[in-house]
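Worksheet: one structure, shown below.
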Amino acid sequence: LTIGALTLDIINEVDGYPVEDDEVRASAHRESQGGNATNTAVVLSQLGHRVSLASVVPSPDLPGGASILEGLDTHGIDVSPSLLINSGYPPTSFITVNRQNGSRTIVHYREAPELTAAHFYKAPLSDFQWVHFEARNVNETARMMARVAKERPDIEISLELEKPRSDLQRLIPWASVIIASRNYAKAMGYPDAIEV
């Protein structure tokens, strides 16, 4: 079970990053489901694991909703633990990829709510061998992690730390596996992976 963000990713590739107030033509364009927990679920599915996703998922009637759900279904990802929203706009990442150097610039738009511990308590934990959390809303995530540790002390809990956010260290004691991004490690004072 992966818990965290699901987004509609709108990706434009450009031959060079535009300067402010410039107009350029994209050399490629695609849309797909994204978000860290969702991407983790897709990779695990591609490796042959049975995966569920607990996130905020747009209904098929919302912009991008049908393509997001179709992409998840293509990978066999169960979204039954998720919160289905029927109004508003799904979380969306507008991604510009510079083909010259591979950099990517992301503008994120979010009006949908975050997944809450109250909703997560409705999801049964009996079918899972591993639960993976994306560190987001610390208070809600801590409540979710505490529930897993209490109800299923026999399963692994992993935690992804991507962005340095206030109070994330509170989540670390609940996890048996920590996955930290380079940006997070550097923000914590580690200059490289060897120092960690």
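The values are calculated or read from the model by the stated rules, or taken from the named source; none is laboratory data. Note that the structure is predicted; figures quoted are calculated from it, not measured. Glycine gets a Cβ as well: all are built from the backbone with ideal geometry, and neighbour counts include every protein chain shown. Please note that ligands, DNA and RNA were not included when accessible areas were found on the heavy atoms of the full protein model with its side chains. Shrake-Rupley method; radii C 1.70, N 1.55, O 1.52, S 1.80 Å.
Before moving on, here are some points about what is shown:
- For region 1-63: rounded, prolate or oblate by the Cα gyration tensor [a/c cutoff 1.5]: prolate
- Solvent-accessible surface (1.4 angstrom probe) belonging to residue 186, in square angstrom, nearest 10: 110 Å²
- Between residue 70 and residue 130, the modelled label-to-label distance comes to 3.0 nm, taking each label 7 Å out from Cα in the direction of the beta carbon.
- Stretching residue 166 away from residue 193 to a fully extended chain increases their span by 7.5 nm, per 0.36 nm per residue minus the current alpha-carbon distance.
- Label-to-label distance for residue 155 and residue 22 is 4.8 nm, based on points extended 7 Å past Cα in the beta-carbon direction.
- Relative packing of 13-24, 61-72, which averages over residues the other C-beta atoms within 10 Å, highest first: 61-72, 13-24
- Amide hydrogen proximity for residue 35: with H placed 1.01 Å from N in the peptide plane, the residues at 5 or more positions away or on another chain lying under 5 Å are 7.
- Computed accessible area, residue 94, all protein chains, 1.4 angstrom probe, square angstrom: 80 Å²
- Long-range amide H partners of residue 115 with built H, under 5 Å: 56
- Here residue 50 and residue 15 are evaluated by their C-beta separation; at R0 = 45 Å the FRET efficiency comes out at 0.65.
- Ranking by accessible area, most exposed first, for 144, 188 with a 1.4 Å probe: 188, 144
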